[in-house]
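Notes follow the structure.
The values are calculated or read from the model by the stated rules, or taken from the named source; none is laboratory data. Keep in mind that this is a model prediction, so the values were computed, not measured. Every residue, glycine among them, receives a Cβ derived from its backbone with ideal geometry; neighbour counts consider all protein chains shown.
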Amino acid sequence: MRCWANNLFIVIVVLLGTLAMLGACGQKGDLYLPEPVSTSAVPSGADVPTPPPAPLESGTGDAQP
């Protein structure tokens, strides 16, 4: 047979442990699943850079030498 103080000690330890676990919930932000990355939306040649546009040549003769 257990003493009432022993039972009280067990109840207090269980309550404190439960409160500690509940208090720690969400300390690093909300928990969520990240959205899956869709690879089909990216064209296959998207990683190849495009060449810069060619410089425009002015044929009006207004250029200074």
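Quick notes on this one:
- Residue pairs meeting the criteria (Cβ under 9 Å; at least 6 apart or on separate chains; first exposed (fewer than 10 other Cβ atoms within 10 Å of the Cβ), in the range 30-41; second of a type outside the set (G, A, S) and at pLDDT 70 or above): L31/C25
- Scanning the range 1-39 for residues that are modelled with pLDDT under 90, among the β-branched types (V, I, T) and assigned to a helix (DSSP H, G or I) gives no hits.
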